[in-house]
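Just below is one structure, and these are the notes that go with it.
The values are calculated or read from the model by the stated rules, or taken from the named source; none is laboratory data. It should be emphasised that the depicted structure is a prediction, and the values quoted were computed from it without experimental measurement. Don't worry about glycine lacking a Cβ; one is built from the backbone with ideal geometry, like all the others, and counts go over all protein chains shown. For accessibility, only protein heavy atoms count, side chains too; no ligands or nucleic acids. Shrake-Rupley method; radii C 1.70, N 1.55, O 1.52, S 1.80 Å.
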Amino acid sequence: MGSLPPPSLDFSSVDHNSVKNGGSSHEHHHQEISRDNLLNLFTSQQDLLNHFFKHLDLSQTLEFARILLSSSGTVFFTGVGKSAFVANKVSQTLVSLSFRSSFLSPLDALHGDIGALSTRDVLVFFSKSGATDELLRLVPCARAKGAFLVSLTSVSGNPLAGVCDMNVHLPLQRELCPFNLAPVTSTAIQMVFGDTIAVALMAARNLSKEEYAANHPAGRIGKSLIFKVKDVMKKKEELPICKEGDLIMDQLVELTSKGCGCLLVVDEHYHLIGTFTDGDLRRTLKASGEAIFKLSVGEMCNRKPRTIGPETMAVEAMKKMESPPSPVQFLPVVVGEDNTLIGIVTLHGLVSAGL
């Protein structure tokens, strides 16, 4: 397959005097990015990435993945410049998937950090050229520590590949940059390769959704798979409690002050009898008028409310609130066959928790 020509870009609108002067001109009104030029760039980048996919040696790649999978130590990644950012990111992806991994700065490694390496570890070098001095200086030091060395490079016959235990060639036709200089395609290839290997390792380890979520407790996915009702419910003094013999008008403060929009009606043993909501209050007032002053909560409460247990996942509580015949804003939390009340979970509380 022949090399792609450089992307055809129209530089006619560039202020060449500004370029000569280091780009100091403030006259930018005539600069433009045309739709055709932008489309051409994305099409060219797609062709360059397709070249990588078509020419990647799957046997090399499989061997590399198996080495990482069988490592009993830590998989370290290193690189210089833009490749360092990729190395760091791929390492972070592996960490998020429960693999022991870390980024090793080649400069810091030569000033003490190489002490982290051991004979059980794998050190992966990201380098387009395979000729970066900082990486080549690191090799004998890392080899002395007994680590297994792998280079991921895009230039054939490079010196780094010759001194590592293994090399994986990342096929690169050219950079998208019209001068074939800025590392914009090579780094994209490195990222795609590294993260795809990470997902292959994830599948090989049979990482469950729950295990993945445990590594992302602050995210919505993590919260939905980690948080239980007991983690987000209100309890004890936060609960709007009353007895069934209490008059409705005597419990208005309790009804409105706890931010739950309801009263939880219990007996002397804290067994849940029913619920009385602010909606029930409006309906009772409309139907009874002045008679409401003599009505007890027990006479008007809902004695078959939806309830939930403390060990239920919080996301299931939200689903239960939204289920037919009509949505509700809260669920009493009960335990045991006698429905002992221990808390309340509200829709507002679930939303506030990030669910």
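Which percent of the accessible area of segment 107-171 is formed by carbon and sulfur heavy atoms (probe 1.4 angstrom)?
That fraction is 54 percent.
How high is the relative contact order of the chain, in percent, with contacts defined as C-alpha pairs under 8 Å that are six or more residues apart?
The value is 13 percent.
Taking 27 Å as the cut-off for C-alpha to C-alpha distance, list the pairs among 209/230; 286/319; 235/294 that go past it.
Table pairs above 27 Å Cα-Cα are 286/319; 235/294.
Once you charge only the Cβ atoms, +1 for Lys and Arg and -1 for Asp and Glu, what is the size of the charge dipole of segment 22-152 about its Cα centre, to the nearest 20 debye?
Dipole magnitude for segment 22-152 comes out near 540 debye.
Given a 10 angstrom Cα cut-off, can you work out which residue in 306, 120, 35 is the most mobile in a GNM of the chain?
Highest fluctuation among the options: 35.
What 222 nm value per residue comes from the helices of the chain, counting each DSSP H run with n ≥ 4 as -39,500 (n - 2.57) and dividing by all residues, nearest 500 deg cm²/dmol?
Per the formula, -12000 deg cm²/dmol.
So what is the relative contact order for segment 301-353, in percent, with contacts set as C-alpha pairs under 8 Å and at least six apart?
Computed over segment 301-353, the figure is 32 percent.
Hey, if you put +1 on the Cβ of every Lys and Arg and -1 on every Asp and Glu Cβ in segment 91-217, which of 146, 183, 123 ends up farthest toward the positive end of that dipole?
In segment 91-217, that residue is 146.
Ranked by accessible surface with a 1.4 Å probe, highest first, in what order do 55, 271 come?
From most exposed to least exposed: 55, 271.
Could you pull the Cα extents of segment 233-355 along its three principal axes, largest to smallest, in whole Å?
43, 29, 26
Whole number in Å², please: accessible area per residue of the chain, 1.4 Å probe, ligands, DNA and RNA not counted.
Accessible area per residue, the chain: 54 Å².
Roughly how big is the chain's charge dipole about its Cα centre, with Cβ charges of +1 (Lys, Arg) and -1 (Asp, Glu), in debye to the nearest 20?
For this selection, approximately 460 debye.
Roughly to the nearest percent, how much of the accessible area of segment 267-355 is carbon and sulfur, given a 1.4 Å probe?
Taking all protein chains in place, segment 267-355 shows 56 percent carbon and sulfur surface.
So which aspartates and glutamates can residue 258 reach, going by Cα to Cα under 13 Å and dropping same-chain residues fewer than 8 places off?
237, 238, 278
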